[in-house]
Amino acid sequence: MQSTPEKNLFEYAVVRYLPDVEREEFINVGLIMMCKRRRWLKCRVAPNHQLIAQFNPPHSPEVIDRQLQSFLRVADGQRDAGPIATLEAEERFRWLTAVRSASFQTSRPHPGKTTDLDATFNTLFHRLVL
């Protein structure tokens, strides 16, 4: 008898760029997803600079990319990204998705279950960011 693949509980949040925080308009620029049980955390960004430019942002594409790279480095747990990057995957996820009033924010975390974390991440990334 074939066994059913085990489903993993995960959480994800959309990474957003807000050209003007007070207007609360945002552009989805990335995705972060975490599975605590698997100690798995993945983040990918793909800012659409042509779309962002239509909002007359105060930040250059280079500044936006640099900030997003910092976000990625913390998510990846790169030691030179500071003390937050040394935390466990779920702690980094919580720190990155904490509510803040800055030009880079995330949506509220959303839960789900999957047997394939990478495939689910790719599906969500294409649907919500690209």
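The values are calculated or read from the model by the stated rules, or taken from the named source; none is laboratory data. Small disclaimer: the values here were computed from a predicted structure and weren't measured. All Cβ positions, even for glycine, are placed from backbone atoms using ideal geometry, and neighbour counts span all protein chains on display. Accessible surface areas use protein heavy atoms only, side chains included; no ligands, DNA or RNA. Shrake-Rupley method; radii C 1.70, N 1.55, O 1.52, S 1.80 Å.
Listing for the model above:
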{"item": "Net length gained if the chain between Glu90 and Lys113 were fully extended (0.36 nm per residue, minus Cα distance)", "result": "6.7 nm"}
{"item": "Accessible area per residue in Å² at 1.4 Å probe, computed on the chain", "result": "62"}
{"item": "Mean separation of Cα contacts under 8 Å (6+ apart) over length of the chain, as relative contact order %", "result": "35"}
{"item": "Ratio Rg/Rh [Cα only; Rh per Kirkwood] for the chain", "result": "1.01"}
{"item": "Net charge dipole size for the chain [Lys, Arg +1 and Asp, Glu -1 on Cβ; Debye, nearest 20]", "result": "400"}
{"item": "Calculated on alpha-carbon atoms, Rg and Dmax of the range 2-70 in Å", "result": "16.2, 56"}
{"item": "Most to least packed among 32-41, 105-114 [average Cβ atoms within 10 Å]", "result": "32-41, 105-114"}
{"item": "Accessible surface of the range 1-120 [probe 1.4 Å, protein heavy atoms]: carbon and sulfur percent", "result": "47"}
